[in-house]
Amino acid sequence: MSQRRKKQKRAGQGGGAVPSLSCIEPNAAGIDVGATEIFVAVPQDRDPSPVRSFETFTEDLQRLKNWLQQCGITTVAMESTGVYWIPLFQILEKAGMEVCLVNAQHVKHVPGRKSDVIDCQWLQYLHSVGLLRASFRPEQRICAIRSLLRHRDSLVQMAAAHVQHMQKALTQMNLQLHHVLSDITGQSGLAILDAILAGERNPAVLAQLRHARVQASEEIITKSLVGDYQREHLFTLRQSLQAYRYYPSLITACDQEIEEQLQNLDSRTPPDASPLPPERYPHRPRKNEFRFDMRSELYRIYGTDLTAIPSINALTGYTVLAEVGTDWSKFRNGDAFASWTCLCPQNKKSGGKILSAHTRRSANRVNRALRLAAQTLERSTSYLGAYYRKMRARHGAPAAITAAAH
């Protein structure tokens, strides 16, 4: 017996051909989505040209949908490439097709064979043999709220960027006001900045504009306002302050739209439910918080008080609501949800040994919110606080944050 036949017999093949994977989804198509062009592959027996390309205009997306329907396609697989997939996803979903949105990292092709045509054919093959797993996507009402919340976060970040521009202009003029005041966008800071831009240069006069609750003394503030007032830096300071003051109005309008969208969600609170108890740890409203009662709205939507969980505040609850929604049935259990949030070890084994057990990196917003919540457990007297301190003593703070977030 030849050496090759011995290896085949040892592998249990008996010298026969390697069996091919059976087709599970005969009506599957694969789509490679791009910014200006989309490549679609259907089974070979459905059309003389099983691979076609379409532009990304709405009329072309409609033609793509019609062609898939003519080919008898009922399920489609596509990669989640940026935000380019969203218009096509919505069109195909409205047409009654099952759209499998997959992670691009899970469908990598063999290195050296990379093209748009091969990618869509590879997706079609993997989907037809049942090797693809759809990514989680909440219902459309939740997606609308998620889009608004993410836009609101970007508005807050852009406003913070203009604050940094103001701090840079002050530093270039050697005005140390932003090191003396904890927030230059507070009442005292804005009053002093307005006076500077109005032409006042006397540090003693500017220091008198401080609020009585400011901890820094008037003498310290006076010293911080002695600097080199340059015209170009004052111009930068003025424009940055004007840009910063524009964003609160946008954030307020965004809050109003979010509140209206939340009214579309069904209430899970029974009519005879007891009223919402007062907060265990009341706090002063922060500058960037929502302009409506977040806690009561969460209680109406979920039917339970999420803020009763230690370290979970209303903002964390809204992050979970916007990213997951109210229907958690797509997750098998809590472990599956923790895996989706990238809070589980990603074990890499070789030769029966674990080479690495780090959690995988992710931009998951629920992951970030739960980690921030876990950091507040250091002095908590609850069970979670005791668990966090125990894990920190054993493994250090980073691992304790991950464990408590999990």
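The values are calculated or read from the model by the stated rules, or taken from the named source; none is laboratory data. Since the structure is predicted, the reported quantities are computational estimates derived from the model, not experimental observations. Cβ placement follows ideal geometry from the backbone for every residue including glycine, while neighbour counts extend to all protein chains displayed.
The residue pairs whose first member lies in region 257-270 and is among the small types (Gly, Ala, Ser), whose second member is at pLDDT 90 or above, and whose beta carbons are closer than 6 Å, counting only pairs six or more residues apart or on different chains, are 267/300. The test for being touching a residue at least 12 places away in the same chain (Cβ under 8 Å) and out of contact with any Cys (no Cβ under 6 Å at 6 or more places or on another chain) does not hold for residue 132. Looking at 101, 155, just one residue is at pLDDT 90 or above, hydrophobic (A, V, I, L, M, F, W, C) and in the same structural domain as residue 52 (by TED's automatic domain parsing), and that residue is 101. Please determine whether any residue of region 169-189 is under 23 Å from the mean Cα position of the chain (by Cα), closer than 30 Å to residue 259 by Cβ and free of Cβ contacts under 8 Å to residues at least 60 places away in the same chain. So far as region 169-189 goes, no, none of its residues is under 23 Å from the mean Cα position of the chain (by Cα), closer than 30 Å to residue 259 by Cβ and free of Cβ contacts under 8 Å to residues at least 60 places away in the same chain.
Given the conditions (1) part of a strand (DSSP E or B); (2) under 30 Å from residue 144 (Cβ atoms), which single one is not true for residue 316? The single condition residue 316 does not satisfy is (1). As a summary of the residue check, residue 197 satisfies the conditions (1) closer than 30 Å to residue 337 by Cβ; (2) surrounded by fewer than 18 Cβ atoms within 10 Å (Cβ to Cβ) except for the one numbered (1). With respect to residue 217, is the statement that it is touching a Lys or Arg at 6+ places or on another chain (Cβ under 7 Å), within 28 Å of residue 287 (Cα to Cα) and free of Cβ contacts under 8 Å to residues at least 60 places away in the same chain true? Criteria not met by residue 217.
All conditions in (1) modelled with pLDDT under 95; (2) in a helix (DSSP H, G or I); (3) surrounded by 20 or more Cβ atoms within 10 Å (Cβ to Cβ) hold for residue 144, with the sole exception of (3). For residue 343, the conditions (1) in contact with a His (Cβ under 7 Å, 6 or more places away or on another chain); (2) closer than 24 Å to residue 285 by Cβ all hold with the exception of (2). Return the residue satisfying two criteria in turn: it lies in region 376-406 and is in contact (Cβ under 8 Å) with a residue 40 or more places away in the chain and of a type outside the set (A, V, I, L, M), and of such residues it is nearest to residue 340 (Cα to Cα). Filtering region 376-406 for residues that are in contact (Cβ under 8 Å) with a residue 40 or more places away in the chain and of a type outside the set (A, V, I, L, M), the one nearest to residue 340 (Cα to Cα) comes out as 406. The set of residues in region 259-307 being surrounded by fewer than 17 Cβ atoms within 10 Å (Cβ to Cβ), in a loop (DSSP other than H, G, I, E, B) and within 21 Å of the chain's Cα centre (by Cα) consists of 288, 289. When each of 313, 333 is tested for being over 14 Å from the mean Cα position of the chain (by Cα) and either exposed (fewer than 11 other Cβ atoms within 10 Å of the Cβ) or without any contact (Cβ under 8 Å) to a residue 24 or more places away in the chain (or both), the lone residue that passes is 333. Scanning region 147-183 for residues that are part of a loop (DSSP other than H, G, I, E, B) and under 15 Å from residue 288 (Cα atoms) turns up just one, 183. When region 69-119 is filtered for residues that are among the aliphatic types (A, V, I, L, M), more than 25 Å from the chain's Cα centre (by Cα) and in a helix (DSSP H, G or I), the ones remaining, listed by number, are 117, 118.
Checked against the criteria, residue 21 does not count as modelled with pLDDT of 80 or more and either among the aliphatic types (A, V, I, L, M) or at positive phi (or both).
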